[in-house]
Amino acid sequence: MTFADLPTRLRDALTEREYSQPTDVQAAVLEPQALGRDLIVSAQTGSGKTVAFGLAMASELLGDEGIVRQANSPLALIIAPTRELALQVSRELAWLYGSTGARVATCVGGMNPSQERKVLRSGATIVVGTPGRLRDHLERGALDLSALSAVVLDEADEMLDMGFRDELEAILDAAPDQRRTLLFSATMPRPIEALAQRYQNNALRIATVDKGRSHEDISYQAVTVSPPEVENAVVNLLRFHEAETAILFCATRDSVRRLHATLQERGFSVVALSGEHSQQERNQALQALRDRRARVCVATDVAARGIDLPSLSLVVHVEIPRDAETLQHRSGRTGRAGKKGTAVLIVPFPRRKRVESMLRRASIKAQWIDAPDRDAIMAQDRERLLETLMAPVEVTDADRDLAAKLMTQKTPEELAAMLVHAHRSKMPEPEDLVPNTPEARKAAQKDTHRPGFEDTVWFRMDIGRQNNADPRWILPLLCRRGHVTRNEIGAIRIGPNETYFQIPRTLADKFAAAAERTAGTESEEDSIRFEVSADGPRVAARQNRKGRSDRGQRPRPHGVKVQPSRGSDGKKPGGKSGKFAGRSDRKPDRNTDRKPDGAPGGKFSGKPEGKSFKKKPGGKFTPKNDRKDRGKPGSPKKFGTPKDPFSQS
């Protein structure tokens with residue numbers, strides 16, 4: 001398939017942008033069997049998906065002469081997960097449909113909503129936006145979908161991962177039934193299948209992802225380092241590769257902030273990109289990278305979708321991705337449109353097995369290497385310097401006069417040395433790393449201890465995550481029951497059904513005696529028993545990983561009476577008539593059901609403000625969640641992955 005059958009105006013726009021032949025995904029959506037049908041397209045990042053769906057919906061937008069059809073409301077709607085991706089899509093469609101008379105409107109969070117509504121009322125042909133902002137305009141009556149002919153969901157899997165299901169359903173339910181729905185996604189998990197089944201009709205599936213070739217333009221490397229030397233390894237990698245543009249991925253905003261400051265201090269031209277930055281700051285950061293005023297970008301995963309920098313040749317995973325899909329989306333920022341790129345994972349010694357497993361799931365073969373040292377960087381510098389100096393340059397008469405004057409004062413060797421020194425002084429100094437030896441790896445595997453916790457005793461309590469155990473609740477409980485301070489409590493390991501914690505051996509007897517004296521003296525919480533654990537949490541963790549088949553025969557926790565799920569009358573136990581599981585000889589005193597009032601180490605002050613507690617059968621204490629408490633630490637329920645407020649309206 002070629003571009004020959006396209007309308008003349010679109011063909012001219014592609015020629016002007018030096019598009020000679022369509023990519024695989026572009027050719028697939030232009031096949032005769034795809035015309036006019038709903039599509040489910042799976043294609044890798046950097047394969048030209050934006051132009052693909054721009055061409056796919058041309059028949060719905062253009063008339064016979066290649067001019068956009070007249071309508072009082074938008075004809076096409078493109079929904080993208082992040083502002084960066086939405087802005088990029090708008091730019092692509094603007095040049096593709098620029099000569100057809102189409103007007104492209106962008107609706108994303110961080111922009112002026114009043115200005116967006118004005119553009120929508122003035123007659124936009126194509127609307128591109130993020131789910132939250134589009135739903136807001138729809139509910140306010142500013143977005144009219146009555147004439148809509150095509151809807152495109154770009155990076156649909158990411159939108160569902162970010163929790164935009166409700167927004168997507170609200171928008172699609174408001175669109176006309178006769179529209180075309182084009183669903184583009186790098187992966188096809190079950191939620192995407194369900195969405196397609198509900199909102200598409202006889203959709204054609206197009207898959208251009210070839211696992212054997214999807215990584216051919218990206219060279220993967222895994223660099224093993226000691227955990228404290230991750231930042232030093234980043235510095236050396238940047239110096240070794242000297243990429244025209246590089247992006248460094250971190251897991252949190254705090255990590256981005258810290259690494260950005262570190263690299264600035266070392267002399268790198270670096271910008272930061274994360275959810276805490278405003279839209280204007282993010283636009284300025286990306287523009288600095290495009291203008292070559294900055295060469296390094298430190299970003300969270302919010303930047304893994306939608307950033308397209310032609311000069312980007314190096315991706316560094318400073319913090320390990322959470323899964324194989326995130327790894328691919330991060331790395332997909334380079335190696336785009338036939339260009340080569342390098343993706344480097346920085347792997348602390350203790351995390352190597354996890355990374356190897358992730359690479360296997362992603363069908364990626366990575367080269368395991370050591371971080372470049374000072375000698376390797378200096379050797380690379382010499383090669384680059386020779387290449388730079390040997391390149392032809394234009395020399396003016398003034399330059400020749402200056403060179404002749406320098407030759408009278410310095411020898412050629414001295415001038416060459418001065419030139420090398422001037423070139424090297426512009427570059428940040430490499431870092432000296434600990435050699436990757438068996439001794440270094442063994443030392444990194446050892447547990448590190450706070451001063452005073454070199455010799456500790458593990459204790460165990462029969463409350464775990466299934467009982468809504470939380471450090472902010474456990475820590476004050478241990479201090480009160482054991483007559484110790486928070487600084488005298490070591491590591492806390494919360495498992496599914498039990499919690500382990502460390503007490504210095506010199507205080508272990510004192511703690512155990514105090515905990516025994518306070519057992520059952522005040523409230524239901526005081527019936528929780530503490531006992532010394534000879535094995536500690538490691539044995540329990542290994543048993544959990546093995547997935548034991550005898551879970552139904554697990555011994556009952558100390559002090560907890562296991563109640564049946566339903567009584568003999570068929571009703572669930574509990575309510576006011578239910579007995580406290582730990583002490584069946586008395587009813588719980590509602591005035592003594594207490595939890596800590598907030599920060600770890602805080603005093604008990606009855607029920608914390610804004611939150612009450614109820615008792616569940618089986619001795620579980622469950623905080624009643626008010627809406628304002630959702631998602632806060634200690635909340636017993638999960639409400640999905642929190643949305644990044646800067647990736648939506």
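The values are calculated or read from the model by the stated rules, or taken from the named source; none is laboratory data. This one's a predicted model, so the numbers in the text were calculated from it and none came from an experiment. Heads up, the Cβs are rebuilt from the backbone with ideal geometry, glycines too, and the neighbour counts pull from every protein chain shown. Side chains are part of the model used for accessible areas, which takes the heavy atoms of the whole protein and leaves out ligands, DNA and RNA. Shrake-Rupley method; radii C 1.70, N 1.55, O 1.52, S 1.80 Å.
Residues of the stretch 275-299 being part of a loop (DSSP other than H, G, I, E, B), modelled with pLDDT of 90 or more and open to solvent by less than 10 Å² (accessible area, probe 1.4 Å), which ones?
Of all residues in the stretch 275-299, those part of a loop (DSSP other than H, G, I, E, B) come to 275-278, 291-295.
Next, from what is left, pick out any that are modelled with pLDDT of 90 or more: 293-295.
Within the stretch 275-299, just ALA294 meets the criteria.
Examine the stretch 141-154 for a residue that is farther than 19 Å from ALA58 by Cα and within 25 Å of the chain's Cα centre (by Cα), and state whether such a residue exists.
Within the stretch 141-154, not a single residue is farther than 19 Å from ALA58 by Cα and within 25 Å of the chain's Cα centre (by Cα).
Could you check how many residues of the stretch 326-364 are part of a helix (DSSP H, G or I), more than 17 Å from VAL223 (Cβ to Cβ) and in contact with a Lys or Arg (Cβ under 9 Å, 6 or more places away or on another chain)? Please lay out each step first, then the result.
Of the stretch 326-364, the ones part of a helix (DSSP H, G or I) are 326-331, 349-361.
Retained after the next criterion (residues that are more than 17 Å from VAL223 (Cβ to Cβ)): 326, 328-329, 357, 360-361.
Remaining after also requiring in contact with a Lys or Arg (Cβ under 9 Å, 6 or more places away or on another chain): 329.
Of the residues in the stretch 326-364, 1 are part of a helix (DSSP H, G or I), more than 17 Å from VAL223 (Cβ to Cβ) and in contact with a Lys or Arg (Cβ under 9 Å, 6 or more places away or on another chain).
Filter the stretch 301-316 for residues that are part of a loop (DSSP other than H, G, I, E, B) and surrounded by 23 or more Cβ atoms within 10 Å (Cβ to Cβ) and give the result. Please lay out each step first, then the result.
Initially, the stretch 301-316 is screened for residues part of a loop (DSSP other than H, G, I, E, B), giving 304-311.
Those that are part of a loop (DSSP other than H, G, I, E, B) and surrounded by 23 or more Cβ atoms within 10 Å (Cβ to Cβ): ALA304, ARG305, GLY306.
Given (1) open to solvent by 20 Å² or more (accessible area, probe 1.4 Å); (2) more than 30 Å from TYR19 (Cα to Cα); (3) at pLDDT 90 or above, where does LEU359 come up short, assuming only one miss?
The failed condition is (1).
I need a count of the residues in the stretch 428-464 that are within 30 Å of PHE268 (Cα to Cα) and at pLDDT 70 or above.
Number of matching residues: 10.
Among helices (runs of 4 or more DSSP H) lying entirely in the stretch 47-119, which contain 2 or more residues that are of a type in the set (Gly, Ala, Ser) and touching a residue at least 40 places away in the same chain (Cβ under 8 Å)? Walk me through how you get there before you give the answer.
Values: elements: 49-56, 58-61, 83-96.
It comes to 49-56.
Mind telling me which of the residues MET188, MET159 ends up being over 26 Å from VAL68 (Cα atoms), assigned to a loop (DSSP other than H, G, I, E, B) and within 21 Å of the chain's Cα centre (by Cα)?
On the way: MET159 fails: assigned to a loop (DSSP other than H, G, I, E, B).
The conditions single out MET188.
Could you run through the stretch 337-356 and say how many residues are open to solvent by less than 10 Å² (accessible area, probe 1.4 Å) and either out of contact with any Leu (no Cβ under 9 Å at 6 or more places or on another chain) or farther than 29 Å from THR50 by Cα (or both)?
3
Filter the stretch 148-175 for residues that are open to solvent by 30 Å² or more (accessible area, probe 1.4 Å), over 18 Å from ARG83 (Cα atoms) and either modelled with pLDDT under 85 or not small (Gly, Ala, Ser) (or both) and give the result.
Across the stretch 148-175, the qualifying residues are ASP166, GLU169, ASP173.
Tell me the residue from GLN115, GLN200 that is among the polar types (S, T, N, Q) and either buried (at least 16 other Cβ atoms within 10 Å of the Cβ) or over 31 Å from the mean Cα position of the chain (by Cα) (or both), please.
GLN200
Would you mention how many residues in the stretch 28-69 are among the basic types (Lys, Arg) and out of contact with any helix residue (DSSP H, G or I) (no Cβ under 9 Å at 6 or more places or on another chain)?
Narrowing the stretch 28-69 to residues among the basic types (Lys, Arg): 37, 49, 69.
From what's left, out of contact with any helix residue (DSSP H, G or I) (no Cβ under 9 Å at 6 or more places or on another chain): 37.
Of the residues in the stretch 28-69, 1 are among the basic types (Lys, Arg) and out of contact with any helix residue (DSSP H, G or I) (no Cβ under 9 Å at 6 or more places or on another chain).
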